[in-house]
Structure formats: structure tokens, C-alpha cells
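Single-structure report; data block below.
The values are calculated or read from the model by the stated rules, or taken from the named source; none is laboratory data. Predicted model, so just to flag it, every value in this text is computed and none were measured. Every residue, glycine as well, gets a Cβ built from its backbone with ideal geometry; the counts of neighbours run over all protein chains shown.
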Amino acid sequence: MKILYATSEAVPFCKTGGLADVAGSLPPALAAEGAQVAVILPMYQKVKEKFGGQLKFLCYDYVNLAWRHCYCGLFSLERDGVTWYFVDNEQYFNRPDLYGYMDDGERFGFFSRAVVRMLPHLAFWPDVIHCNDWQTALVPIYLKDDGAREDRYRSIKTTLTIHNIEYQGRYGQNTLGDLFGLDHGWAEDGTIMMDGDVNLLKGAILCADAVNAVSPTYANELKMAYFAHRLDGIMRQCGYKLSGVLNGIDMKRYDPAGDEHIAARFSVADMAGKSVDKAELQKLMGLRQEPNVPIVGIVSRLVSHKGLDLICEVLHDMMELPLQLVVLGKGDQKYEEFFHWAAQQYHGRMAVRLDYNESLSMAIYSGADLFLMPSKSEPCGLSQMIAMRYGAVPIVRETGGLKDTVQPYEAWRDAGNGFTFANYSSGDMLHVIREAVYLYKDYPDAFARLRRRGMECDFSWGRSAKEYLRIYAGITGQAWPPVEEAAPTAEEPAAEAAPVEEVPAAEPVSVEESAPVQETPAAEAAPVEAVPAAEPAPAEEPAPAQEPVKKPRARKAAAKKPAAKAAEKADGTTEKKPAVKKPAAKKAAAKKTAEKKPSVKKTAAKKTKDQAE
């Protein structure tokens, strides 16, 4: 199976969020399962700076976007069993940041157009193009549009993954033709229009062959108005092709036993390094060196759907507990200002870095004891998986992927891998934070077992890759995994049964015999089964026909039954014969019946004649 993965970012080339982690890990996992995989993404300035010397120039072409005739270069790189393609256009992508520009619609409209028009220059013609979020949402639409004129595009199936439905790619209705180069028919039939605007994600949901969310719970939540941001009706309409596949993490990259980015390595068997990492984090962030006080870590974008309102409401109550708080992230100004002010109020017990730093985030994962994610909505979330991998017990709200990955701690049976709360309530959040802190302080052995269960969880991409391959197989009609093709030949009974089915005489006889056997069980069961009683015979008679292993018996029955049936037709009788009789008595009874039958028929014929006269 040939898969082209289209994304706007991917680790290790460029990253702003969880999409990059998924795009960097899923394609190699698909390749490891035997699929032929390539990834295509824009060639940003950051990509050139880090990997420019490793990229190979393949070709260039021109891509038409409405009235624009744009240059499009194509570079490639082989890595982790995957071919990585980079679309080059300096006007659109030679910028310091990936997003946040006023012409983002045009930039990613060009990228989506380039993905479709540059297909002839790739190493293979894909069976499936896997698109991600609104930045590549135009790919399924352009494939449908071009497929009306060129047959070759009709063979390509598309899958759309929704990482966060809040970002939909909405633009004014005038952009349909002037910016994206689409006919007005796309607006008139309602495919791409919503609330008077062009909605790229809506169009992709309707045009894609399969749609999936990044966790099973999030897939169900998308059918609800609270989570779907006005697309709940579309999601319910497309429920037949909607599924949820839980994201994974790179288990080799996020391994505390081999991570070179942390101060000291540790593992489930030897947790000594965890204390060293905790002390290093306290030193790095300017916190008090208190080894017996739990550190609560937050690594997040500072935006409303991350549940930061709950933290703002009860921060003072949280800081009354024996804990230290570390916050890393950037986002909305109101949250940045609040956390900056709070850090000054609780100097030595609370530290904030309004930035995103990969090395600092790993220091928090490895040094923190608890990890807080009170999200209002969370499609999947990778931070809680990474935190558990590094021995930081998560405290999460039960939504999206958080609910699918974190099982609540149950003291009565010593189960679970974290702490959870269901309601979006600051009081509920504060309650479970108190439980977590006091479990750490008062029951260190129970906390250690809880931490260990989290570290032992399997969040690898292998499981998710298999689920995606099943989705691809469902829309392409290709058998996957290939092992299933050999399954029928491995079943010995099926192999032996084949010759019996191929014999033309045996198959019709077995079908025709089933009814007479039920109607006159004694007549046919007695000659074949001989001694057994008359009533058990019907139950035992079908057994030889159903067991293909007993070939000689099946053939013998098939040979005798036509003769028995022919005799029955000649006699013209269906009356029951005595089942328990000696052979001589049977012969006499059979002879007597044979002699009397014609006279019965004759008498009946005579009566009919007399009545007619």
C-alpha cells in the first residue's frame, strides 16, 4: 500500500504543537508495518537552516492557484524508512514562523494545490493521501475537482485527521474563486460554505473518503455542539466514515533510561536518577531545594481550551498546599500576564517561563512529580503520555484523549495511573490536586506504585499504525495486513473440503437429501446406520455431510443415497418402516409393502376413473 502523508509540520524538521509529533512518528511506524510511505510538507526557513545540507533537489514545476502561476520546487530526504518531500516557494515559506501571517489562506492553498499537481514528480502514485487539519483540507477538494477532468486522480483515496476542530480555515466567500481557484458550484451546493464563509475543514470532511479524530472519546465529542465549534451537524452526517484512533508517542525518543537531554537517566527498575533530575529542575527554575515537596509541572500553550481559567480561579488555594509549581508555555496575553504576576507572589515556590523550549520541557517532565492538564477540551494530548513515561503522575480532566489514556487512581484496589476529575470545575480540580499531594506526602509506597504503573504503559505508535492501515484498507479495498491473505490456506479442514465441493454430483445430492432426511428419518437412516435406534438416527445422519475430514464415509453415503432415493420413487411410498426389526423381518416387510403398493395405486386409479364416469 502506497501512502502520501500531507502535513504542515513534522518533527524533527519543524514544530509548533502535537501535529508535528504525530507527523514525525506515524509515517515511520506505517513503514515499519510494511507500507510504502512518503511525507510532504512546506520547506520553511527553519527546515533550510537545520537540514539544508541534507536535502536533495529533485525538480521544479509551476502550479496554478486561481490566476497565479507559481514556482514550485521539490526537495527530498530519506529518513527512518520514509521519503520526506519538501515543497519550496520562498514567497510563501521563507519566513521565520510557520503560521500567524495574514496570507496563511493563500500560503496553504498553494501548498495543497502543489501536493496534488506535483504527484507525477514523486517516486510513486499514492493509493491514499492522508491529510491533517485545515492546512491540507483543500487536498481532497482539489482531487475531486481535478478528478472531474483527469481520470488518474479518481483512483486516489483520502483520509482526513482532525487534530483540533477549533481551527477550521475560515475565509470570506469571495476567496473561493479569487484565492483558491474553485468554481462557484462548490459554494452553491453548500459543500464548502458555512455561515456565509468559506470553511475549508467542512469541505474536506464532506469530500474525504475517511475522517478520523485523534482519540475515540474525541471522535464521539465531535458530534456534540459543545466540542464541535458549529460542525457537529456535519460530523453526525459523516458519522458513517468517522472513527477515533488514539495517538502514540515515540517510545525510543521519550525514554528516561536513554535520554541524553535530561540531567540523570533512570528507569522503572532504578529510580535514583529521578531525584537528581528533580534537584536539577529546582536549581534551573530558581525553586527552593526541597526534595520532599512535590513539583507540579505544566507544559502547555496558554490558551483558554487548556483549562487555565480553572488554575487562575484557585491558584492561591493551590499554593497553600505543600507543593511547588512550574509553568512553561506561551499564548494569550491575559494568561501570560497572570502567571508572570503569580510567580512574583510566590517566589521560590512557583516559576514561570513564557516561552517554549524543548530542553526545558524535558527537564520538567523528568523532574516533576505531578503533571497538571485541566483541559476544557483535549483532542488527544501527548504531554500526559510523555509525563507518565518520565514518572510524572498526571492530573487531568476526563475529556478527549485524556480520558482514554489516564485511568483514575483507586486506593481501595491500588489501581489506576493518574488522577482525574470529570466536571469543568475549579473546585473538583483542587480536590484531586489535594489527593495527589497528600498521597505523595503520606503514602510514598502507594505513590511509587502509581508512578510505576504510568511508566509501564505502552503508548507506542505500532498499535495506532495498525488501526490506520485498517482504515486505508477499508477505503481502497486492498487487503491489509498481507498476512490475512495466507490465512485460508493455513486451515487444513478448508483445504480438504475443497475437493468435495468441486464434485458436481455430491453437492446437489447433499442439498436435496437434507429435506427427505428430516421428513422420513427412519427410511434412510436404517440402511446406513444399521443397528442404532430410529429416533437418534436423524440427528446422526447430517454429521458425515458436515465433517469434511471423513471422506470415505461421505462418498459411501453419497453413493448409497441416490439408489435409496430411486427405490423410494419407484415404490411411491413415504410411510414409516419398523426401525427395530431383524434383517429377515425387514426383508419380508419390504417385500410385502412392495407387493401391496401397486394394488393401492391401481385401486386409487380405478376410483378416479369411476368418479370421472
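Within region 99-134, the set of residues being among the hydroxyl-bearing types (Ser, Thr, Tyr) and more than 19 Å from residue 162 (Cα to Cα) comprises 101 only. Hey, could you check region 1-40 for residues that are in a strand (DSSP E or B) and of a type in the set (Gly, Ala, Ser) and say which is nearest to residue 56 (Cα to Cα)? Result: 38.
Which members of region 220-232 meet the condition of being surrounded by 13 or more Cβ atoms within 10 Å (Cβ to Cβ) and at negative phi? The answer is 220, 221, 222, 223, 227, 228, 231, 232. Of all residues in region 85-95, exactly one satisfies the criterion of being part of a loop (DSSP other than H, G, I, E, B) and either under 14 Å from residue 9 (Cβ atoms) or β-branched (Val, Ile, Thr) (or both), namely 95.
Note on region 41-63: residues that are surrounded by fewer than 22 Cβ atoms within 10 Å (Cβ to Cβ) and in a loop (DSSP other than H, G, I, E, B) total 1. Look at residue 125 and say whether it is at pLDDT 95 or above and assigned to a loop (DSSP other than H, G, I, E, B). Yes, satisfied.
Looking at region 320-405, the strands (runs of 3 or more DSSP E) lying wholly inside it that each contain 1 or more residues that are under 36 Å from the mean Cα position of the chain (by Cα), aliphatic (A, V, I, L, M) and closer than 26 Å to residue 267 by Cβ sit at 324-328, 370-373, 393-397. Restricting to region 437-468, name every residue that is buried (at least 16 other Cβ atoms within 10 Å of the Cβ) and touching a strand residue (DSSP E or B) at 6+ places or on another chain (Cβ under 9 Å). Selection gives 437, 439, 440, 447, 450, 451, 453, 454, 468. Quick check on region 284-302. Is at least one of its residues surrounded by 19 or more Cβ atoms within 10 Å (Cβ to Cβ), under 20 Å from residue 386 (Cβ atoms), over 36 Å from the mean Cα position of the chain (by Cα) and hydrophobic (A, V, I, L, M, F, W, C)? Checked against the condition, which is being surrounded by 19 or more Cβ atoms within 10 Å (Cβ to Cβ), under 20 Å from residue 386 (Cβ atoms), over 36 Å from the mean Cα position of the chain (by Cα) and hydrophobic (A, V, I, L, M, F, W, C), region 284-302 yields at least one hit.
Listed by first and then second residue, the pairs with beta-carbon distance under 7 Å, at least 6 apart or on different chains, first residue in region 154-182 and free of Cβ contacts under 8 Å to residues at least 24 places away in the same chain, second surrounded by 18 or more Cβ atoms within 10 Å (Cβ to Cβ) and in a strand (DSSP E or B), are 176/198. Restricting attention to region 401-443, the residues that are within 22 Å of residue 220 (Cβ to Cβ) and among the hydrophobic types (A, V, I, L, M, F, W, C) add up to 4. Residues being under 28 Å from the mean Cα position of the chain (by Cα), part of a helix (DSSP H, G or I), aliphatic (A, V, I, L, M) and under 29 Å from residue 227 (Cβ atoms) are entirely absent from region 155-177.
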